[in-house]
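A.B. asks: This is the structure I have questions about; it appears just below.
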Amino acid sequence: MIEGIGIGTGGTGSTLLLAGAVGVVFVSVLLLGRVMLGPTMQDRVIALNVIGSNAVIVIALLAGAMDEPAFLDIALVYALLNFLMSIAISKFTVERGGVL
Amino acid sequence: MTTELGSGDADFGFLVPVSDSPTLDETVEYAAREAREVAAETDEHVDLFLVAPITPDGPPGVTDRDDVDHLLERAAAVATDTLEMTDPEGSVDVRTAMPELARYPPNPVEYVDAIVAVADEREIETVIVDPDHRMPVETPIGRSIETELRDIRGFDLEMAPVERPARKGRLVTRGGLAQFLSVAGLSFGFYLVLGGFGDVMFDLVTGGVTALLVAGVLSRITFEQTPQPTRVVTTAWRWLLYVPYLLWKIVTANVQIAYVVLHPSLPIDPTMERFEAGVWGGTATTTLANSITLTPGTLTVDVRNREFVVHSLTSGSREDLLDGGLERAVRFVFYGRSAMRYPSPRERLAVNTEANASDGGAETETGTGNAAAGDDDGTAGESS
Amino acid sequence: MVEYGTVAVGALVVSGLFFTFVAVVGIYRLPDLYTRTHAASKSDTLGALLALAAVGVTFGVDTATIKVALLALFMLITSPTAAHAIARAAHDQDIEPWQRGDES
């Protein structure tokens, strides 16, 4: 907020949060492998679910690092969507035998 | 259906569980016609049983003997009327039964047990269920009387083909001022938290309008029971005790998982466990299921009524689960301190223990709870 | 005060990152879907809680912290529920759990 978009607070704390966000992003990218490997639909959903949670974490960390509380609303909505995704796919795989 | 019944029994029977639902009359009519058809085809005598379990000790107005009596009378009248038009010889007998449930509140399993007992006594194998049948008890997520009867008890089950006005019941409870105010208050608070406290007047007004709208639309489906302030306060207080315990368990769980996952040889020994949990009711079951998922090496895979299917990652976590520390904690949150004295899943399963008592955690009564407990204050379920 | 805060944030971020990492390793290494769900539901939840705690500490006493708490509560409820839904879907499709003895 202080300096607009950049790393507003600039302290060690926000650097740490940024570093954490980078780490989580890195780890999430690794997970894409599991999404591709499968082998079952559920494996992919689990991996995607974790990636989604990680995205929420990243958004929250960025909110902290940049001192932008508004990001937290986005994180909240993202968490909601992520949950719905898991539930919806599980439901479809049970009732229809697959999403597509 | 009729062919399966065509064995050499002297009497055939149909059983209809009766509850106060908008489609009761249609169901009974359908059952009566079915019964008459079987009677005509086989030239046998057919009994049509209308069954409604009652709880003698219940609070007045919930499952009153008089109410149920009246309901059964009405259903019987509908059945007799239907039969009179089509069955002049009187080959179908309409009977009613009111099995008594041991205690209030009954759990769904006991409720179905009571119906099954009536069916077994008369060797009835066909049950016709009202699609809108409502058990006078809280049911855990999505499991209904038909699931219980068909999938678990193996009855030949038929759903009465009724025209449903709408998917009423189950979800919708009686609305009331308490519900309305609670929902309105909660959404108002949520609105303010999300909106921040920038322009106070604007926030208050829009928040108020939104809260009223939300409460108007959703207050009837938000709660299972009417919230009572005293109960809410005591439960909230117990939650405050439960959450740190749960968090502690979560941390232990994760250290364990981290150890297992990062260990070069991956020391896991996964199994599926089935056990009957000592909790019931939507919220309590959900809490226990989620807590199990979050804590040491266990994952709730399926829940049917009170039967949990739990996947456990290591043998240590299996032991922990059967020791029942979590279950006891959840019972404490929802049923109070006295309910903590309840035999652990291990004792209920009578599993032979290997005396491998893992860490006791933070609960107060770690030792095996005394097996004689199980009948305190009416909340305890049947100890098998 | 500031130093304590920074140290706490650092510790929380690092441990959160560690558990998130454990979740990922678990999802790769564990043999079948159910065991992977274990790793996903538990480790990732704790990782998220720790990271959110770090954010909460950064914000200090503020309405944003309430939001962070709400977010944490929400993840605490939804993550095991989602894991349960997925595992149950698998169970309903009769996917057999891996057991010690059968390889791969």
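The values are calculated or read from the model by the stated rules, or taken from the named source; none is laboratory data. Nothing here was measured: the structure is a model prediction, and the numbers come from that model. Counting neighbours? That spans all protein chains shown, and the Cβs are built from the backbone with ideal geometry, glycine included.
A.B. asks: Consider A:I57 carefully, then state whether it is assigned to a helix (DSSP H, G or I), within 7 Å of another protein chain (Cβ to nearest Cβ), under 8 Å from the mean Cα position of the chain (by Cα) and of a type in the set (A, V, I, L, M).
C.D. replies: Details: assigned to a helix (DSSP H, G or I): yes; within 7 Å of another protein chain (Cβ to nearest Cβ): yes; under 8 Å from the mean Cα position of the chain (by Cα): yes; of a type in the set (A, V, I, L, M): yes.
So A:I57 passes the test.
A.B. asks: Can I ask one more? Please state which one of A:V25, A:V56 is at pLDDT 85 or above, of a type outside the set (D, E, K, R) and buried (at least 19 other Cβ atoms within 10 Å of the Cβ).
C.D. replies: On the way: A:V25 fails: buried (at least 19 other Cβ atoms within 10 Å of the Cβ).
Of A:V25, A:V56, the one residue that is at pLDDT 85 or above, of a type outside the set (D, E, K, R) and buried (at least 19 other Cβ atoms within 10 Å of the Cβ) is A:V56.
A.B. asks: Right, something else. Take the conditions assigned to a strand (DSSP E or B) and modelled with pLDDT under 80 and apply them to B:F12. Does it pass?
C.D. replies: Numbers: assigned to a strand (DSSP E or B): yes; modelled with pLDDT under 80: yes.
When the stated conditions are applied, B:F12 passes them.
A.B. asks: Of everything in segment C:43-80, what is hydroxyl-bearing (S, T, Y) and either closer than 21 Å to B:V310 by Cα or at the interface with another protein chain (Cβ under 7 Å from one of its Cβ atoms) (or both)? Give them in sequence order.
C.D. replies: Taking segment C:43-80 first, the residues hydroxyl-bearing (S, T, Y) are C:43, C:45, C:58, C:63, C:65, C:78-79.
C:S43, C:T45, C:T58, C:T63, C:T78, C:S79, listed by residue number.
A.B. asks: A follow-up question, please. Please enumerate the residues belonging to segment B:259-274 that are within 10 Å of chain C (Cβ to nearest Cβ) and not in a loop (DSSP other than H, G, I, E, B).
C.D. replies: Hits for segment B:259-274 are B:Y259, B:V260, B:V261, B:L262, B:T271, B:M272.
A.B. asks: List pairs: first residue in segment B:12-23 and under 13 Å from B:A76 (Cα atoms), second residue polar (S, T, N, Q) and not in a loop (DSSP other than H, G, I, E, B) anywhere in the structure, Cβ distance under 9 angstrom, at least six positions apart or on different chains.
C.D. replies: These pairs meet every condition: B:L15/B:T126; B:V16/B:T27; B:V18/B:T27; B:V18/B:T96.
A.B. asks: Only residues that are of a type in the set (A, V, I, L, M) and more than 7 Å from chain A (Cβ to nearest Cβ): list them for segment C:1-42, please. Steps first, please.
C.D. replies: Pass one, segment C:1-42, residues of a type in the set (A, V, I, L, M): C:1-2, C:7-9, C:11-14, C:17, C:22-25, C:27, C:30, C:33, C:39-40.
Within segment C:1-42, C:M1, C:V2, C:V7, C:A8, C:A11, C:L12, C:V14, C:V22, C:V25, C:L30, C:A39 qualify.
A.B. asks: Also, quick follow-up: Out of all the residues in segment C:69-81, is one or more within 30 Å of B:P264 (Cβ to Cβ) and either free of Cβ contacts under 8 Å to residues at least 12 places away in the same chain or assigned to a helix (DSSP H, G or I) (or both)?
C.D. replies: Within segment C:69-81 (the criterion being within 30 Å of B:P264 (Cβ to Cβ) and either free of Cβ contacts under 8 Å to residues at least 12 places away in the same chain or assigned to a helix (DSSP H, G or I) (or both)), the answer is yes, since at least one residue qualifies.
A.B. asks: Go through segment B:19-46 and give me each residue that's part of a loop (DSSP other than H, G, I, E, B) and touching a Lys or Arg at 6+ places or on another chain (Cβ under 9 Å). Even if it seems obvious, please write down each step before you answer.
C.D. replies: Taking segment B:19-46 and keeping what is part of a loop (DSSP other than H, G, I, E, B), we get B:19-23, B:43-44.
Hits for segment B:19-46 are B:S19, B:D20, B:S21, B:P22, B:T23.
A.B. asks: Further question: Test of understanding: among C:P97, C:P31, which residue is touching a strand residue (DSSP E or B) at 6+ places or on another chain (Cβ under 7 Å), at pLDDT below 85 and not in a helix (DSSP H, G or I)?
C.D. replies: Working: C:P31 fails: touching a strand residue (DSSP E or B) at 6+ places or on another chain (Cβ under 7 Å).
From the options C:P97, C:P31, the qualifying one is C:P97.
A.B. asks: Output the residues belonging to segment B:260-270 that are closer than 13 Å to C:H38 by Cβ and of a type outside the set (D, E, K, R). Working first, answer last.
C.D. replies: Taking segment B:260-270 as the starting set, the residues that turn out to be closer than 13 Å to C:H38 by Cβ are B:260-261, B:266, B:268-270.
Once the filter is applied, which keeps residues that are closer than 13 Å to C:H38 by Cβ and of a type outside the set (D, E, K, R), segment B:260-270 yields B:V260, B:V261, B:L266, B:I268, B:P270.
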